[in-house]
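J.: To start, I am sharing the structure in question, which I have written as C-alpha cells.
The values are calculated or read from the model by the stated rules, or taken from the named source; none is laboratory data. None of these values were measured; they are calculated from a predicted model. Counting neighbours? That spans all protein chains shown, and the Cβs are built from the backbone with ideal geometry, glycine included.
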Amino acid sequence: MAENKIYGAIAAFKSDTEILEAARKVRLAGYSKFDCHTPFPVHHLDQAMGMKRSKLPYFIICCTIAGFTLGLLLQWWTGAVDYKLVIGGKPLFALEFATPILFECSILLTAFGAVFGMLGLFNGLPTFYHPIFNAEISKRITNDRFLVSIEAKDPQFDATKTTEFLQSLHGAEEVQLVEA
Amino acid sequence: MQAVANEFKIPKENPLAKPLLIEGEQDYSTLTEAVSTVVEDKTPRNWYIAFAISVCGTLMLGGMLGYLVFTGVGVWGNNQPVGWAWDITNFVFWIGIGHAGTLISAILFLFRQKWRTSINRAAEAMTLFAVACAAIYPGFHVGRIWLAYWLFPLPYNQGMWPNFRSPLEWDVFAVSTYGTVSLLFWYVGLIPDLATLRDRATTKMRQLIYGIFSLGWRGSNRHWQHYEIAYLILAGISTPLVLSVHSIVSFDFAVSKLPGWHTTIFPPYFVAGAVFSGFAMVMTLMLVARWALNLQHLITMYHLEVMNKIMLVTGSIVGYAYSMEFFMAWYSGNMYEKFTFFNRAFGPYAWAYWTMFTCNVVSPQCFWSKKLRTSIPFMFFISIVINIGMWFERFVIIATSLHRDFIPSSWGYFRPTPVDILTFAGTFGLFMTLFLLFIRFVPVIALAEVKAVLAHQQHKAHGHAKH
C-alpha cells in the first residue's frame, strides 16, 4: 500500500472513558500527530492527549481592547473634533456619557474575536472536506462514537504496526486505514 | 395530575439528592434520535395550521407597518402629551422577553447549572426573535423609516453624527450589540448539532444545507478545545451585556427629568422585570413545545419547577421595586413625584396599575406552594398572566408618567388606535412564525451539551454503585 495515499488509521470507541484511556496510550506510545473526535467535549481529554492550553484568550483580549479604542475614538472624534455641536449644555466629550457605548463596543468586538477567531483562525473552519469523512464510521462522531485518528504524517506511523496498536486498545472497534 | 406526580421523583434514601436531568433509559444514540427526529420526521399537520395562523399575523404586521410608512406615524394613537405609547411599551416588552434566553444560556452556564442544557437552545432562539420584534418599534417610531440609518454613526452628506450624549443613542448600540452577540452565541452552540443533522441526512439537499451551516465540523478535540474557550468567553461577556441592555433601556427613562421616570432604582428593577417576563415566556413556549414534540424526558418537571422558582424570586424583586418607588415618592418630599405616584395608583390609569400589580406581584406568590409550582396547567396559566402583567408594567410606566403634564391644560389620556392593536398582535405572528421555523429546521435541544450531561450522570451513577 502506498503511504502517500493514506491519511491515517482510525479506531472507534463507545464511551468517553474508553477514549480517555486510548488517547493517553496513543500519546505514551510516542505518537504526536493524532486527534480524537467526540460527540461532545470530553473532560480531561486535553490532558490525556497532551495538548497545551488554548491561546485563543490572548487573541480575544486584543479584540476587546480594539473595540474599546474604536468606541472611544468614534465618540471623541465625531463629537469633539469633526462636528462640534453643543446640545443641552453638555460637554462635547466626557467619559461619563461615553461609558455605555464604550462598553457595548468592547463587548461586540470581543464576541467577534471569540467566534471568528475560534472558527477561522484557530480551527480553520469552514473546511468542508476532511479525509476523516471518508470513513463510514465518521458519520457517528456526531452521534455516539468516539474516534482516535493517527495521521500517516506522524514519524512513528506504520500502516501495519499502527493498526495493530490501535486494535490492542481497550474497546477499539472498526480499526481501519483511511484514504487521503 | 397522576402523570405529573409520577414524573417528579426524588430518590427516597437521600432527600437532598437532585433529581435526574435526563429521565428514562437513555444513551447517546437514543438522545440523538429523540432530538433529530423532531426535525427529520414528516411535518405534522398541526405545525402547518399553527404556521398558517402565524404567517397571517406576520402579513398583518407587514400591512400595518406599510400603512404607517405611507400615511405617517399619526396612525398610531401617540400624541401630546403621551408621545411615547404602545410603540415604546412594546419595544421594552419584547426586549425584556429576550433577557431570559441570555440569562439561561450565559449566567446559568457560568454557574454550572446543568439543568439549563435542555432549554437553553429554545430560550436563545426566543431571544433572537424577541429582539427582532422589539427592533421594529423604535425603527418605525422615527416616522421616516427610510432615514433610520441616521441612528448609526455613518458618514453621509450632512456631515453630522449621532448624539452620543443621548441615552436613545446608547440604546441603539446596546440593542444592536445584544442582537448580534445573541445570534453568534446561538450559532456557535448550534454548530455541533447541525453537524449531527448533516451526518444523519438522507437527502442531498439536507446534507448540503446542514453541511454548509455546520462548517465542516468533525468533532475534533483540537477544535473542541478552542470551542469551549470561545463559548465560555461568550457566556462571560453576555452576562454583563444582558444586564447592560435593560439598564440602558431603563436609562431612556431614568436619564430624563420626568417624575415617574427619573429614578435610580430603574436599572436593577428593569433587569429583574426583564428576567421575570422572559422566564414567563420561556415557560409558555416550552410547555407547548414539550407537549407537542414529546420532550417530557428531556424537559422534566425539575426544569419547570426551577424556572417557577426563578419567577417567584424575580417577581418578588419587582414587587419590592414597586413598593420602593412609592416610598421614595413620599420620602423625596417632591410634590410632582408624590402626585405622579398617587395618580398612578388611583388616577385614570388605576385599572392598568392594579392589573399589573395583581399579575406581577400577587400571582407568582402562588409558587411558594409545591403543589402549584409542579402543576402544569397552573404554571401555564400563571406564565400567561405574568406576560400580560409585564406588558402592563411598561404601559403603566410610560403612559401614566406622560399623561399628566406639569400644566393641567396639557393633560390627556392615551387610547390605542386599531393600528396600534393590530401591529402589536402582528408582532406575535412574526415571533411565532420564526419560532415555528426554528422548531422545524433546527434541533430544539442542545444535543452535544445534553450528551455531556448524560456522561456526567452516568459517571456519577457508576461512582455511587462502586462505593
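J.: Looking only at region B:362-379, count how many residues are over 16 Å from B:ILE310 (Cβ atoms) and under 22 Å from the mean Cα position of the chain (by Cα).
T.: 4
J.: Could we say that B:TYR149 is in a helix (DSSP H, G or I) and under 17 Å from the mean Cα position of the chain (by Cα) here?
T.: no
J.: Run A:ARG27 past the list (1) over 20 Å from A:GLU179 (Cβ atoms); (2) modelled with pLDDT under 90; (3) not hydroxyl-bearing (Ser, Thr, Tyr) and report the number of the one that doesn't hold.
T.: That leaves (2) as the condition not met.
J.: Being part of a helix (DSSP H, G or I) and more than 25 Å from B:ALA130 (Cα to Cα) is the filter here, so list the residues in region B:363-389 that pass it.
T.: Hits for region B:363-389 are B:GLN365, B:CYS366, B:PHE367, B:TRP368, B:LYS370, B:LYS371, B:LEU372, B:ARG373.
J.: Given the conditions (1) of a type in the set (Gly, Ala, Ser); (2) assigned to a helix (DSSP H, G or I); (3) under 30 Å from B:PHE341 (Cβ atoms), which single one is not true for B:GLY260?
T.: It is condition (2) that B:GLY260 fails.
J.: Hey, another quick one. Would you confirm, using the coordinates I've provided, whether A:LEU56 is touching a strand residue (DSSP E or B) at 6+ places or on another chain (Cβ under 8 Å) and surrounded by 20 or more Cβ atoms within 10 Å (Cβ to Cβ)?
T.: no
J.: Then there's this: Filtering region B:435-467 down to residues that are away from every other protein chain (no Cβ under 14 Å) and part of a loop (DSSP other than H, G, I, E, B), which residue is modelled with the lowest pLDDT?
T.: Out of the qualifying residues, it is B:HIS467.
J.: Conditions: (1) under 30 Å from B:PRO377 (Cβ atoms); (2) at pLDDT 90 or above; (3) surrounded by 21 or more Cβ atoms within 10 Å (Cβ to Cβ). B:ALA329 meets all but one. Number of the miss?
T.: The number of the failed condition is (1).
J.: Give just the number: which of (1) within 26 Å of the chain's Cα centre (by Cα); (2) surrounded by 15 or more Cβ atoms within 10 Å (Cβ to Cβ); (3) more than 21 Å from B:PRO418 (Cβ to Cβ) does B:PRO81 not satisfy?
T.: Of everything listed in (1) within 26 Å of the chain's Cα centre (by Cα); (2) surrounded by 15 or more Cβ atoms within 10 Å (Cβ to Cβ); (3) more than 21 Å from B:PRO418 (Cβ to Cβ), B:PRO81 misses just condition (1).
J.: Right, another one. Residue check: is B:GLU25 within 13 Å of another protein chain (Cβ to nearest Cβ), free of Cβ contacts under 8 Å to residues at least 40 places away in the same chain and not polar (S, T, N, Q)?
T.: No, not satisfied.
J.: Give the residue, chosen from A:PHE122, A:PHE128, that is facing another protein chain (nearest Cβ under 7 Å), within 30 Å of A:ILE10 (Cβ to Cβ) and touching a residue at least 40 places away in the same chain (Cβ under 8 Å).
T.: Of A:PHE122, A:PHE128, the one residue that is facing another protein chain (nearest Cβ under 7 Å), within 30 Å of A:ILE10 (Cβ to Cβ) and touching a residue at least 40 places away in the same chain (Cβ under 8 Å) is A:PHE122.
J.: Do we find a residue being acidic (Asp, Glu), touching a residue at least 24 places away in the same chain (Cβ under 8 Å) and under 25 Å from B:GLY57 (Cβ atoms) anywhere in region B:385-399?
T.: Checking region B:385-399: at least one residue is acidic (Asp, Glu), touching a residue at least 24 places away in the same chain (Cβ under 8 Å) and under 25 Å from B:GLY57 (Cβ atoms).
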